[in-house]
Every structure is written in C-alpha cells, then in structure tokens.
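Note sheet for the following structure.
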C-alpha cells in the first residue's frame, strides 16, 4: 500500500496503485486469473511465505478484489475467487505481462500467452479510439486533465 | 523492486513488476507520459521527497526506462525523457488508470482522460484477438502456459 499521504490524490492511477500497487498483490491476482483459488494453490504457484499470503489475501478481500468463501466444513476451509472488480484487472495484468514480453524478453520466449477462449487466437492489449474507432499507438495518446 | 528471490521467476508479469513494481515508479512514468521531464517538474507533480525521486530516477535510467540528458551547462542540469521502452508503458498505465476510473470512481468523475491526438476521441484499452480480430472481454481470456 502506498503511504496515507496519497489517499487524497486526485489521480486514478495513484488510487489504483494504492489498491494493487503492493508488490505481491498483482501476482496473487494473476494466479487467481489463471484459476488458482485456494491457499495452498497460491503458495505452490507463487513461492510466497504463508504469513505474507495471509495478510495479502485479507487485504484483497477487504478491498473487494477477492471474496472469501468456505468450501469445506470440519475443518472449515476457504477459497478466494475474484470478484468482478478483481477479474476486471485482467486487462492491466495482460498489458504489464505483454510489456515484459516485449521489453524484458526471455531467451526461450514468453512462458505464457493470453488466448481467446474457444477461438484460441492470441489476445493482445490494444489502445482504441472511441471516436474514429481506429487502433491507436502509444505515441498518439495524450493524457489530459479534464477538470 | 521485488526481492531477489524473484529474479529467476519464469513469468513476464513478475519480471515487469521487478522493474516497475516499486510504488513510485509507475507514477513517475505517468508524469513523464504527461510531458514532465525535469526534476522540479516531478517534485511539483508528485509531491515526492527529493531523495526518493533521485533514487527512483537513477533506477529508471539504469533499467532503460528513462534517459538522463543534460539540457544546461554551468551548472549542469539534466532532464529525463522516456525511452521507447518507457513510452511503451503507456498501455499498462492507461489500463490501470481506467481500472481505477471504473472501480474506484471519484464523485466528481475522473480527473484525466486519455485522448487520441488530433482526433480528440477518448482512448480505451481493449483486448483484441489476433485470429478472429474481435474485441475480447476479460472473461473470454485464458492465460495459458505455452512451454
């Protein structure tokens, strides 16, 4: 989490980073997008210490990005599915993953690929213009203050 | 920066977060995408402590995300333009900003908007399929291991 001094910041990137800027959070969300739901699934997937995972999952639940749902009684055990707000992080996660594919390439090629379910095409993150409906390149975008 | 134990991780999201996962780095890149280049520009824009800004700029230069270019002699002063690798973060920055617009809305509406230069249309981040060429929604995407 960013420091409290950020909380009033009038910028939705800063606000997003308050929520998911903590180093482990996006990796937990990535594993969840890959279908991991249970505590031991995350520890196996991420090599994260159990105490850190416990605190990050609690925080992600508190923030509304994951739910905590019992899947077993005696002893009670929980799983952590993503909420719609959590699944909505897919675009940002894929954008960062593909930035890594392009700019920090591994010799053996990328290990994972985003695929269109059913069609199996490769999914790319694109910038599109809502007015001319064209695909837009990064250098054609200006982020402007609108109020 | 993530801990060193991450460095061998075979995941380009983890590798991207090694590079830009530090809480201030994406905010500095965001300001740079808005046109800020100089030290005092960043401090005015971000309310970041000068010693933290100094270390983050040095790190972003070391990582190849920014350049350090003198713009004045006596005393020598530097500015920090983004490299192509840094400008390529625009998509991820806009994706996170728009996730915040949707999921952490401010009562008075979003303060900034990504616009298509020249056309002035609103730029959105979209997922597109390279095979069927359609726009894809988050729930239609599977991230699959390919090796």
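A few notes on this one:
- Hits in segment A:18-33 - residues which are assigned to a loop (DSSP other than H, G, I, E, B) and either surrounded by fewer than 21 Cβ atoms within 10 Å (Cβ to Cβ) or at pLDDT 85 or above (or both): A:22, A:23
Here is a yes/no grid of residues against (1) at the interface with chain B (Cβ under 7 Å from one of its Cβ atoms); (2) in a helix (DSSP H, G or I); (3) modelled with pLDDT of 90 or more; (4) within 26 Å of residue B:141 (Cα to Cα):
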residue: A:9; (1), (2), (3), (4): no, no, no, no
residue: A:16; (1), (2), (3), (4): yes, yes, no, yes
residue: A:35; (1), (2), (3), (4): no, no, no, yes
residue: A:43; (1), (2), (3), (4): no, yes, yes, yes
residue: A:52; (1), (2), (3), (4): no, yes, yes, no
residue: A:57; (1), (2), (3), (4): no, yes, yes, yes
residue: A:60; (1), (2), (3), (4): no, yes, yes, yes
residue: A:71; (1), (2), (3), (4): no, no, yes, yes
residue: A:91; (1), (2), (3), (4): yes, yes, yes, yes
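Residues are listed down the side, and each one gets a yes or a no for (1) modelled with pLDDT of 90 or more; (2) outside any loop (DSSP other than H, G, I, E, B); (3) farther than 26 Å from residue A:103 by Cβ:
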residue	(1), (2), (3)
B:97	no, yes, no
B:105	no, no, yes
B:124	yes, yes, no
B:132	yes, no, yes
B:143	no, yes, no
B:147	no, no, no
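- Verdict on residue A:64 being at positive phi and either crowded, with 20+ Cβ neighbours inside 10 Å or at pLDDT 90 or above (or both): yes
- Count of segment B:138-147 residues which are surrounded by 13 or more Cβ atoms within 10 Å (Cβ to Cβ) and either farther than 10 Å from residue A:115 by Cβ or more than 7 Å from chain A (Cβ to nearest Cβ) (or both): 1
Results for (1) touching a strand residue (DSSP E or B) at 6+ places or on another chain (Cβ under 9 Å); (2) assigned by TED's automatic domain parsing to the domain that holds residue A:32, shown as yes or no for each residue.
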{"position": "A:54", "(1), (2)": "no, yes"}
{"position": "A:65", "(1), (2)": "yes, yes"}
{"position": "A:71", "(1), (2)": "yes, yes"}
{"position": "A:78", "(1), (2)": "yes, yes"}
{"position": "A:95", "(1), (2)": "yes, no"}
{"position": "A:107", "(1), (2)": "no, no"}
{"position": "A:116", "(1), (2)": "yes, no"}
{"position": "A:125", "(1), (2)": "yes, no"}
{"position": "A:131", "(1), (2)": "yes, no"}
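The values are calculated or read from the model by the stated rules, or taken from the named source; none is laboratory data. Values in this document were obtained by computation on a predicted structure and should not be read as measured data. Every residue, glycine as well, gets a Cβ built from its backbone with ideal geometry; the counts of neighbours run over all protein chains shown.
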